[in-house]
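Below is one structure, written out as structure tokens, with a few remarks after it.
The values are calculated or read from the model by the stated rules, or taken from the named source; none is laboratory data. Source: prediction; values computed, not measured. With ideal geometry, Cβ positions are generated from the backbone for all residues, glycine too; neighbour counts draw on all protein chains shown. Just so you know, the surface numbers come from the protein's heavy atoms only, side chains and all, with ligands and any DNA or RNA stripped out. Shrake-Rupley method; radii C 1.70, N 1.55, O 1.52, S 1.80 Å.
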Amino acid sequence: MKRQSPGALPLPAPIVNWFAGVGRASTVTLEHAGGLGLLAWQILQAIVGLRVSLRSVLNQMYIMGIQSLPIVLVTGSLAGIVTSQQGGYQMTSAMPAYVLGSLVVETVVLEMGPVLTALVLVGRIGARITAELGTMVVSEQIDAFESLGRDPVAILAAPRVIAGVLVLPLLVGIADFIGIVAGMGAAYLTAGLGVDSFLYGAQLFWHSWDLLYSLTKAVVFGLAIPLISVHMGLKTKGGAEGVGITTTQAVMFMTLTILILDAMFPPLMLN
Amino acid sequence: MIEYRNIHKAYDLPVLTGVSMRVEAGEMFALFGPSGTGKSVLLKTTIGLVIPDIGDVEVDGVSLYRGGKKALETVRNQVGYVFQNAALFDSLNVFDNVCMGIPEAELESLPRNEAAKRAWEALELVNLEPRDILERLPSELSGGMKKRVGIARAIVGRPEVLLWDEPTTGLDPINTAAVERLIKRLSHDLEVTSLLVTHDVEGGLTICDRVAMLDSGTLRFCGTPAEFRASPDPVVQAFVDRAAAEAALDMAAND
């Protein structure tokens, strides 16, 4: 039996375990926060020091942007169609039909466009980056870069983060546009709302600030996804199993981060 | 010359505890030891891939952990590292992989045909036919070819020190013998200091001038191959006997 120090309260094991769990979770969270901060600082140094290859950035922009376009178009369209159908279903006869235009545009631009695009990129790009860099870690390719006097942050991390920040606003802009067009089509087909009425309703409650809000979200998500995925990839331990575990953790971490950041935007930018 | 001074390294448990060792200039030196005794960790401290908790490493007079970033850069430029599984970059072809071995500043100022010539020569030195493989990706090479390309990448920068991390692991006996001959020939022809971490005790004893053995993170033995074989230390003897038995089993399995 363990001896207790004088004055210590005898705590039941579940409570002790709960505190231990909280302690472990806090330690892991702080480690990740520190690691992300350090990585961001190293990336900034690489950018300022002009050590990032433009060719690598363009290559990453192609992978993240052009190759993601089909899935972003589909997601954006469906977001607009679903919003339009749901909005039409909820509307009562006491409300003018053109309000549906405003509902679709505001929902797509403020919320659905940036968040769904970001979540799609978490799966398509974030998971890919973590798995790719994780595999490079476990096969000693990152060590090889360092042994050859090359900086893995400048070569691998910075191009991905720069590309994410540049590409996501473009993809979100496209998703917003296609979502509105698809929503307009759905409103016409399901609620019989004409294009003129839809656009009238859309303009009624439109603020230019809404587009800026949408694109600002995109920039922040575009920074978060590659930064977290690179950080997690470079922290991979173990073999193939380690890559799998880290990739799953990274996807969860990125998804939660996107949703938490999304919840922080209204009080910061809409009030 | 490489000098390890009182190297301590611990992860969850201690891996290296006060290892001090010296590899003389131009020497071929093998480091043995059971798995998990910190051989590769010690090798990685030589170029800052693993930072020791305590201690310092000096490579040709440059103190790695007291000299700051500049010292690390200098050491990495004069050391070639051959990784256990070659660690070739998946997305680059053989030519680009080998060219990565040329120090960055030198590569930037080098005309492409000069870089190509250096890569070509390095591949020929490791007995590969450059014409056949320069454009190939690592995934299109056999295990033995990957190792050779990894060696070519390590020597193309004209290093003064070569570090070999289990270069024969995963190879069949014929390729193992060929790589061992290659290590000996390159170390001699290029006049470099070679430090070889290996499980292949017999091979290491045959090709190296001196050997050392790590056991549980400490230096158990350091001397010539003849002294190693004749060591009265029971731990060394047991290791030699086990290695001989494993080699005999490997031979039998391959026959």
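Applying the criterion of being closer than 26 Å to residue A:131 by Cβ and among the hydroxyl-bearing types (Ser, Thr, Tyr) to the residues of the range A:202-254, the residue that is surrounded by the most Cβ atoms within 10 Å (Cβ to Cβ) is A:229.
Taken residue by residue, the range B:180-190 has no member that is assigned to a strand (DSSP E or B), touching a helix residue (DSSP H, G or I) at 6+ places or on another chain (Cβ under 7 Å) and buried (at least 19 other Cβ atoms within 10 Å of the Cβ).
Please specify each residue of the range B:32-55 satisfying the condition of being assigned to a loop (DSSP other than H, G, I, E, B) and within 11 Å of chain A (Cβ to nearest Cβ). Break it down into steps so the answer makes sense when it comes.
In the first step, residues of the range B:32-55 are kept if they are assigned to a loop (DSSP other than H, G, I, E, B); the result is B:33-38, B:46-53.
Of everything in the range B:32-55, those that are assigned to a loop (DSSP other than H, G, I, E, B) and within 11 Å of chain A (Cβ to nearest Cβ) turn out to be B:46, B:47, B:48, B:49, B:50.
Here's the yes/no breakdown for (1) among the small types (Gly, Ala, Ser); (2) open to solvent by 30 Å² or more (accessible area, probe 1.4 Å); (3) touching a residue at least 40 places away in the same chain (Cβ under 8 Å):
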position	(1), (2), (3)
B:5	no, yes, yes
B:24	no, yes, yes
B:50	no, no, yes
B:75	no, no, no
B:86	yes, no, yes
B:103	no, no, yes
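The residue that is farthest from residue A:152 (Cα to Cα), among those in the range A:56-95 that are modelled with pLDDT under 95, out of contact with any Ser or Thr (no Cβ under 7 Å at 6 or more places or on another chain) and not polar (S, T, N, Q), is A:94. Can you find a residue in the range A:148-159 that is within 13 Å of another protein chain (Cβ to nearest Cβ) and among the small types (Gly, Ala, Ser)? Yes: one or more hits.
Residue B:59 satisfies every condition listed in (1) touching a residue at least 60 places away in the same chain (Cβ under 8 Å); (2) touching a Phe, Trp or Tyr at 6+ places or on another chain (Cβ under 7 Å); (3) of a type in the set (A, V, I, L, M); (4) more than 10 Å from every other protein chain (Cβ to nearest Cβ) except (2). Counted as qualifying within the range A:134-217 are the helices (runs of 4 or more DSSP H) with 1 or more residues that are under 30 Å from residue B:99 (Cα atoms) and among the aromatic types (Phe, Trp, Tyr), namely A:141-147.
Each residue in the range B:194-233 was checked for being over 15 Å from residue B:28 (Cα atoms), free of Cβ contacts under 8 Å to residues at least 24 places away in the same chain and assigned to a strand (DSSP E or B), and 1 of them qualify. Within the range B:156-183, the residues that satisfy the criterion of being modelled with pLDDT of 90 or more and of a type in the set (D, E, K, R) are B:158, B:160, B:165, B:166.
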